[in-house]
Structure formats: C-alpha cells, structure tokens
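Participant: Questions regarding the structure given below will be posed in turn.
Values in this text are rule-based calculations from the coordinates and carry no lab data. This one's a predicted model, so the numbers in the text were calculated from it and none came from an experiment. All Cβ positions, glycine included, derive from the backbone under ideal geometry; neighbour counts span all protein chains shown.
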Amino acid sequence: MAEQPSATARRIVIAGGHGKIARELIKLLNARGDRAIALIRNPDHEEEITALGAEPLLLDLETATVDEVGQALVGADAAVFAAGAGPGSGADRKDTVDRGAAVLLADAAEAAGVRRFIQVSSFGAGAPIAEGTDEVFAAYLVAKTAAEEDLRARSYLDWTILRPGGLLDDNPTGRVALTAPPLERGTVARSDVAAVIAALLDAPNTAKKTLMLTSGPTPVVAAVAAL
C-alpha cells in the first residue's frame, strides 16, 4: 500500500508521469512523504500510477492548453518535465513533445506561480549535430535544444536542466558524475537519474544551472551538494 503523504508534504507535478524515470521518481517521492501528481495521457496507466503512490491526472500535453495544465499545477511546489515522444516516434512528435510539451509546462508553471522547475534533457542537446546523425535523432536533439533555450530565457522560473547520458534500466548504483558541461559521454541508470532529480528538488543552489549526468564515483546527495 502506498504511504500517505504527511501534512507538510510537497506537491510535485511530473509530466510524462508513466515514463520509466518518472515511475522511479514517484517511488522516491512517495517514500519520503511527498505527493507526486503524474500527468499521463493513457487512462490504462491510472491503476499502475496509483499503486506506485502517485495521483494520476489525465492530460495530453500535445493538445492541452496553458490554462488546463496550469490548473494541474495550482498549489504545486515544483514541476518536473520527464516526458518524451519515446522510441518509434517520428520527427514531428519529437518537436510536439520534447519541445512543445516542455514549453507548455513551463508556460503553465509561470501562470500557476510554480517557480521550481526541473527539465530532463539529453546529452547532445546544445551542441552541433554530427554529420550523418539519424534524421529522427537529430530532430530529437533539435527539440531538446530548443526546449532548453526557451527555459533559459525565463527569469521567473528557478529552473535546472539535467542532461543524462545513455539511459539504462539497471538497478541504482547511488553514485554519479554530475557537473556543468562538459562531461565525458557515458551511461546512467534511470533509477539514478530519478534519485538526482529528487535531490535537485531539495537543492536551490542548482537553480539556473545546466548539468551533465552519468554514472560515476560520487554519492548522489554529495554530488548535488557539491554544485
């Protein structure tokens, strides 16, 4: 049974609430007594999200309005963008989700007065695209870069951009390399990405920073504190 949030629980809204990183984050937030609100677009996922300890909220970020998303954010302490078009999607959806939905969530956060904003981006964002890169992956990097640029232009939000390396479904190691760019390319478990996000929510010193993340030698809490 999911733990009940305490009276002082923070309300964290997660876009892409059924994604692998989001599900790991929900477990961590629930374990520490925070309240996770998972934005999902498939009603078939509601039962699983509830069982994890989050409140599912049906909302399609490709079609929703700023007002609709803003209503979901009212009273929230932070917003996390962990959505993505996912494998098998084409270039068009890389733009509508990885860029468009991120911009929409940021617009809604500003409208709702939610300052803390964590955006999951990717290695390769913000850098020139190598010649010969697959067309769809190139569109993904263009979308992630545009979403980052939009966020950096927002003075109201206390944003942090997190660029994880290659994502693995491995068990958490609890140890990472976390730094401002550059960082040597590497991989990282999705569960460790979730742990870093959870720590970033407690770390106002990371506002207005773009961070690279791979597996590494440093415990997560220490890595975040060192920033």
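Participant: When the dipole is taken about the Cα centre of the chain, and only Lys, Arg (+1) and Asp, Glu (-1) are charged at their Cβ, what size is it in debye, to the nearest 20?
Facilitator: 800
Participant: Using helices alone, I'd like the mean residue ellipticity at 222 nm for the chain: each DSSP H run of four-plus residues gives -39500 (n - 2.57), total over residue count, nearest 500.
Facilitator: -9500 deg cm²/dmol
Participant: A further question follows. Towards the positive end of the charge dipole of the chain, with charges on Cβ (+1 Lys, Arg; -1 Asp, Glu), say which of Ala106, Phe117, Phe137 has the farthest Cα.
Facilitator: Phe117
Participant: In sequence order, what are the phi-derived ³J(HN,Hα) couplings for the range 148-158 according to the Karplus relation 6.51 cos²θ - 1.76 cosθ + 1.60 with θ = phi - 60°, rounded to whole Hz, with x for glycine and proline?
Facilitator: 5, 4, 4, 5, 5, 7, 9, 7, 6, 7, 8
Participant: What's the center-to-center distance, using Cα atoms, between the range 13-58 and the range 62-125 in Å?
Facilitator: Going from one Cα centre to the other spans 15 Å.
Participant: Looking at [x] 27, 20, 17; [y] 24, 21, 17; [z] 31, 18, 16, which value of semi-axes √(5λ) of the Cα gyration tensor in Å comes from a calculation on the structure shown?
Facilitator: [y]
Participant: Identify, among Val196, Leu157, Pro172, the residue whose Cα sits farthest towards the positive end of the charge dipole of the range 144-227, taking +1 on the Cβ of Lys and Arg and -1 on the Cβ of Asp and Glu, with the dipole about the Cα centre.
Facilitator: So the residue we want is Leu157.
Participant: Please state the relative contact order of the range 11-225 as a whole percent: Cα pairs under 8 Å, 6+ residues apart?
Facilitator: That works out to 19 percent.
Participant: OK, next. How much of the DSSP beta bridge set in the chain is antiparallel, as a percent to the nearest 5?
Facilitator: 15
Participant: I need to check one value: relative contact order of the range 55-145, counting alpha carbon pairs closer than 8 Å and at least 6 residues apart, in percent.
Facilitator: Reported relative contact order: 35 percent.
Participant: So, by mean Cβ neighbours within 10 angstrom, what's the order for 33-44, 144-155, 176-187 with the highest one leading?
Facilitator: On the way: 33-44: 19.7, 144-155: 17.1, 176-187: 15.3.
The most tightly packed comes first, giving 33-44, 144-155, 176-187.
Participant: Can you tell which of Gly33, Ala64, His45 lies farthest toward the positive end of the dipole of the range 27-78, using +1 and -1 charges on the Cβ of basic and acidic side chains (Lys, Arg; Asp, Glu)?
Facilitator: Gly33
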